[in-house]
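One structure below.
The values are calculated or read from the model by the stated rules, or taken from the named source; none is laboratory data. Bear in mind that the values here come from a model prediction, so they are computed numbers and not experimental data. Every residue, glycine among them, receives a Cβ derived from its backbone with ideal geometry; neighbour counts consider all protein chains shown. Areas reflect the complete protein model, heavy atoms only, side chains present, ligands, DNA and RNA absent. Shrake-Rupley method; radii C 1.70, N 1.55, O 1.52, S 1.80 Å.
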Amino acid sequence: MRLLVTGGAGFIGSNFVRHVHRERPDWEVVVYDRLTYAGDRANLADLSERVTLVEADICDPAALEGALDGVEAVIHFAAETHNDNSLQSPWPFVHTNLVGTYTVLEAVRARGIRLHHISTDEVYGDLALDDPATFTDTTPYNPSSPYSATKAGSDLLVRAWVRSFGVAATLSNCSNNYGPYQHVEKFIPRQITEILEGRRPKLYGAGENVRDWIHAEDHSSGVLAILERGRIGETYLIGADGERNNLDTVRLILTLMGRDGDDFDWVKDRPGHDLRYAIDATKLRSELGWTPRYRDFEAGLAATIDWYRAHPEWWRPQKAPTEARYEELGR
Ligand code: NAD
Ligand code: DAU
C-alpha cells in the first residue's frame, strides 16, 4: 500500500503517519504538506525512508497530481485548524479547507483513488450542558465558527463527489485530540507550556465549556480501521467518552505538574464559543470493532505533560509568536 497523507506534518497527521509506520511495516507513506506555521518536518524525523515528504499546497492541482504516482489511497488531514485564528482572519480557512478539499477531490476523481476525509465534531454545533443527546452521523450540521463552517462545507463537498461522481470516499468526524506534537496554540499544550515557562494557565469565560477528549493515537487507529474496513460513502464518528469541562482540565494539569489547582487566570471568552461537544462512537465500535486504548485521561495527560517537559526544543520556537497573537486578542 502506498498512502498519501495531506497535512501529515501537523499534529494528528504526524501521529497517524507514526501509527501506520509502526502498525503496517510494509506500507509506504507520502506526506504532502505545505509546512505552514502548524506543520514541522521535525514531527517525522524519527521515521524511516518508508515515509517521504512533499512540501506543497493542497490548493495547487499540478503539485498534487505530481505526487499521486503509485498512490492507492489519500488520507486528507490538511486544514487550517484553530478556531481563534479563524475568528481573526477567516480567509486562509476558506481557501485551504474549501478550495483545498475541492482540489483533493478533483485529483482523486481523475485517478480513481480511494479517499478518507478527516473532519471534526464541530460541524454539528454545540450541545447544552444537560442535553442527554450526543452527536451521531445523523445529527444536523450547525457549525458556529469560520473554522467549523469551512470544515462542514468540506464534508458536504466530499459527500457530493461520492454521490455525483462515484468517488470512493469515507469520512470521519472526531472530537478534541490531545497528545504529543500538538501546537502550543491549542488548549492543553498552551497550559502545559505556560506552566513550564513559569506563567499561569489562561481559562476562557467561566471554564464551563465541555470538550470530549481523545488521544491522537486512538484517533489514528480509528482512521486506519475506516480506511481498511469502512463502507464507502459512510461517515464514522470517532470519540472515546472523554467529556470534561475546561476548568476541571486546567485544575488537573496544574495538579499533575505539582501546582495549586487554583493557580490560573480567567481571561476574556472566545466569541461564539461552543459550549459542549459529545460524540457517540457506537457505529465505529460495533461495525468496525474499534476500541480506544487510552481510556484513562489522567494517565494520557500525564504522559503528554512528560513529552512537553522532555521536548522544549520542539515547542519553544512556537511559543513567543503564539502568545503575541493571544495578547492581541486579550486572551
Ligand atoms: P494542525 O494544524 O496541527 O496541522 C495541519 C497540517 O496541515 C499542518 O501540517 C499544515 O502545514 C498542513 N496544511 C495546512 N494548510 C495546508 C495547505 N494549504 N496545503 C498543504 N498542507 C497544509 O491540525 P491538526 O490538529 O493535526 O488537525 C488535522 C485534521 O484533523 C484537520 O482536518 C482538523 O480539522 C481535523 N481534526 C482536528 C481535531 C483536533 O482536536 N485537533 C479534532 C478533529 C478533527
Ligand atoms: O472538537 C474538535 C476540534 O477541537 C478540532 O476540530 C479543532 O481543530 C481543535 O482546535 C479543537 O477545537 P477547540 O476550539 O475545542 O480547541 P482549543 O484547543 O482551541 O480549545 C479547547 C477549549 O479550551 C475551548 O473550550 C476553548 C478553551 N481554551 C482554549 C485556549 C487556547 C481556554 O479556556 N484557554 C485557552 O488558552
- Filtered residue count, segment 276-331, keeping only those that are among the small types (Gly, Ala, Ser), closer than 20 Å to residue 254 by Cβ and either free of Cβ contacts under 8 Å to residues at least 60 places away in the same chain or open to solvent by 50 Å² or more (accessible area, probe 1.4 Å) (or both): 4
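Looking only at helices (runs of 4 or more DSSP H) that lie completely in segment 260-331, which have at least 1 residues being in contact with a strand residue (DSSP E or B) (Cβ under 7 Å, 6 or more places away or on another chain) and of a type in the set (Val, Ile, Thr)?
297-310
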- Could you list, in sequence order, the residues of segment 50-90 that are over 22 Å from the mean Cα position of the chain (by Cα) and not in a loop (DSSP other than H, G, I, E, B)? 61, 62, 63, 65, 66, 67
- Output for segment 9-49, where each listed residue is within 16 Å of ligand 1 (Cβ to nearest atom) and part of a loop (DSSP other than H, G, I, E, B): 9, 10, 34, 35, 36, 37, 38, 39, 40, 45, 47
- Message: Take the conditions modelled with pLDDT of 95 or more and open to solvent by less than 20 Å² (accessible area, probe 1.4 Å) and apply them to residue 124. Does it pass?
- Response: yes
- Message: Cβ-Cβ distance below 8 Å, separation of 6 or more or different chains: which pairs start in segment 175-189 with a residue that is assigned to a helix (DSSP H, G or I) and end on one that is of a type in the set (D, E, K, R)?
- Response: 187/211
- Item | Meets criteria (closer than 22 Å to residue 180 by Cβ, open to solvent by 20 Å² or more (accessible area, probe 1.4 Å) and not aromatic (Phe, Trp, Tyr)) for residue 87 | no
- Message: residue 87 - would you say it is away from ligand 1 (no atom under 13 Å from the Cβ) and at pLDDT 95 or above?
- Response: yes
- Note on the structure: Of (1) more than 30 Å from residue 74 (Cα to Cα); (2) of a type in the set (Val, Ile, Thr); (3) surrounded by fewer than 22 Cβ atoms within 10 Å (Cβ to Cβ), residue 232 satisfies every one except (1)
- Do we have residue 147 as without any contact (Cβ under 8 Å) to a residue 24 or more places away in the chain and either within 12 Å of ligand 2 (Cβ to nearest atom) or in contact with a Gly (Cβ under 8 Å, 6 or more places away or on another chain) (or both) here? no
- Task: Answer with yes or no whether residue 140 is out of contact with any strand residue (DSSP E or B) (no Cβ under 6 Å at 6 or more places or on another chain) and assigned to a loop (DSSP other than H, G, I, E, B).
- Result: yes
